[in-house]
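Report on the following structure.
We did not get these values from a lab; they are worked out from the coordinates using the rules stated. The structure presented is a predicted model; accordingly, all values stated were derived computationally and were not measured. A quick note on method: Cβ atoms are made from the backbone with ideal geometry, for glycine too, and the neighbour counts reach across all protein chains shown.
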Amino acid sequence: MLKHFITNNHQFKPTDPQYRQVYLINGMLLGMVVVFTFFFFINLAFYALYTVALLDFIGAVLAVTILRRFQLLHHVRQAAYQTVLLLALFLLGYLGFTAPQFYSLYWLCIFPPLAFFLLGSRLGLIATMLFMALLTMLLSWRSASWPADSFGAEALLNVAFASICLVLLVHYYEVSRNEVMRALAIQHRQLQRLSVTDTLTGLYNRSKLDAILSQEISRSIRHQSPFSVVLADLDFFKAVNDNFGHMAGDQALMSFAGILLQHCRELDVPGRWGGEEFLIVCPHTDIIGAKQLAERIRAAVADYDFAHGKQLTVSLGVASFIRDDDASTILKRADDALYRAKGKGRNRVEI
């Protein structure tokens, strides 16, 4: 239950790029609510530090407010800014009150990693520099009231150098992490594209066409809208491979894919069905419109000068969606129409 809460009630999944940021923001804000509330009662009941208790109460209210807004609005960037700002105010207040103690400056190490992770390398560096500047001003102002043996110059110098090293290391890590994440995102997009694309023609492959066909069937059933399919097969294509070689055949397939892309409308989805067979899914298109598209493609192929002076033709079968169709039935009708076109002499369209 807690895990679902800190990932914003299932709004962000582990595959989302911002999932870890959401996890950290919610975890930090919940932690602040607990810490502020705990010290509010401690300072109020046992130490009579009423001013500090008031600050604890304000901090708890702010943390709850930011957390609630984030759960409702899911604005990751806004919540990140607010969380970093609240953390900075909390640490500055804490360090201002406890600076003379030897352990107080340990808490400096919290801010840079969180600022860089939540805000990114550039804004995280700016936020860290501002935090360090404000902290230096605060400690300089408070140092007049410290005991004489609070911090020596050597200790303060070591803290300064350690803080600089920490900031540089975190900055380098965040820059490196962003570069790796960008490279992984590019590779993921490339793999996604390859998984749905025919490597030779650049058109969609059969698995993607199957998915698109299923979507169009569902949409047509839901909205009672037409759609059609065109099944195309290059005539006597085996002769191209036999007479001119497979490289010439591949070039012919790529040229035919270019013809499809040139003559299909923006809403049409052409793809390679297998071998020299291609499928075009035509949303919002009745049988007449699909036949007109098929005729344009047939004429363009007949007029095209393929490699080696070879003139190719194409036969096409057209089918339109009817009620109770599924993918296999509409494709079967298109395939039957294609074979009728082949049987009637090729270089023709049948519906």
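Put in line by how crowded their Cβ is, counting other Cβ atoms within 10 Å and starting with the fewest, 227, 161 read 161, 227.
Per 0.36 nm of contour for each residue apart, how much would the distance between residue 267 and residue 322 grow if the chain were fully extended, relative to their Cα-Cα spacing?
Working: separation 55, 0.36 × 55 = 19.80 nm, distance 1.98 nm.
Contour length minus the Cα-Cα distance gives 17.8 nm.
Listed by chain and number, the aspartates and glutamates placed with their C-alpha closer than 20 angstrom to that of residue 13 amount to none; residues fewer than eight positions away on the same chain are left out.
The distance between label points at residue 288 and residue 302 comes to 2.2 nm (points 7 Å beyond Cα on the Cα→Cβ vector). Relative intensity of the range 32-103 on a log10 scale, I(q)/I(0) at q = 0.11, 0.15, 0.16, 0.22 Å⁻¹, equals -0.31, -0.54, -0.61, -0.96, per a Debye sum over C-alpha point scatterers of equal strength in the absence of solvent.
Legend: calculated FRET efficiency, residue 123 to residue 38, from the Cβ-Cβ distance at R0 = 30 Å, rounded to 0.05, equals 0.45.
Ranked from highest to lowest mean number of other Cβ atoms within 10 Å per residue, what is the order of the peptides 22-29, 46-53? Write out the running numbers ahead of the final one.
On the way: 22-29: 20.0, 46-53: 12.2.
Descending mean neighbour count gives 22-29, 46-53.
Dividing the Cα radius of gyration of the range 163-253 by its Kirkwood radius returns 1.30 for Rg/Rh.
I'd like the distance separating the alpha-carbon centroids of the range 249-266 and the range 168-235, in whole Å. Computed from Cα coordinates, the inter-centre distance equals 19 Å. Stretching the chain fully between residue 241 and residue 188 yields a gain of 15.6 nm (0.36 nm per residue, less the alpha carbon separation).
Can you pull the Rg over Rh of the chain, Cα-only, Kirkwood? If you can, show how the numbers build up before the last one.
On the way: Rg = 33.7 Å, Rh = 26.2 Å.
Over the Cα atoms of the chain, Rg/Rh equals 1.29.
Once whole DSSP H runs in the chain are found, which of them have Cα atoms spread over 30 Å or more along the helix axis and a mean Kyte-Doolittle score of at least 0.5? Counting only whole DSSP H runs, the qualifying helices are 19-45, 50-73, 76-98, 121-142, 153-196. Once the mean of 1/r is taken over each pair of separate Cα atoms and inverted, the range 272-351 shows a Kirkwood hydrodynamic radius of 13.3 Å.
Taking one quarter of the surface of the C-alpha convex hull of the range 284-329 gives a mean projected area of 4.3 nm².
Taking the Cβ of residue 285 as the centre, find all other residues whose Cβ is under 9 Å away and add up their charges (Lys, Arg: +1; Asp, Glu: -1).
Summing Lys and Arg as +1 and Asp and Glu as -1 gives -1.
Roughly what % of Cα-Cα distances in the range 206-350 sit above 24 Å, to the whole percent?
Working: 2929 of 10440 pairs.
Tail of the P(r) past 24 Å holds 28 percent of the pairs.
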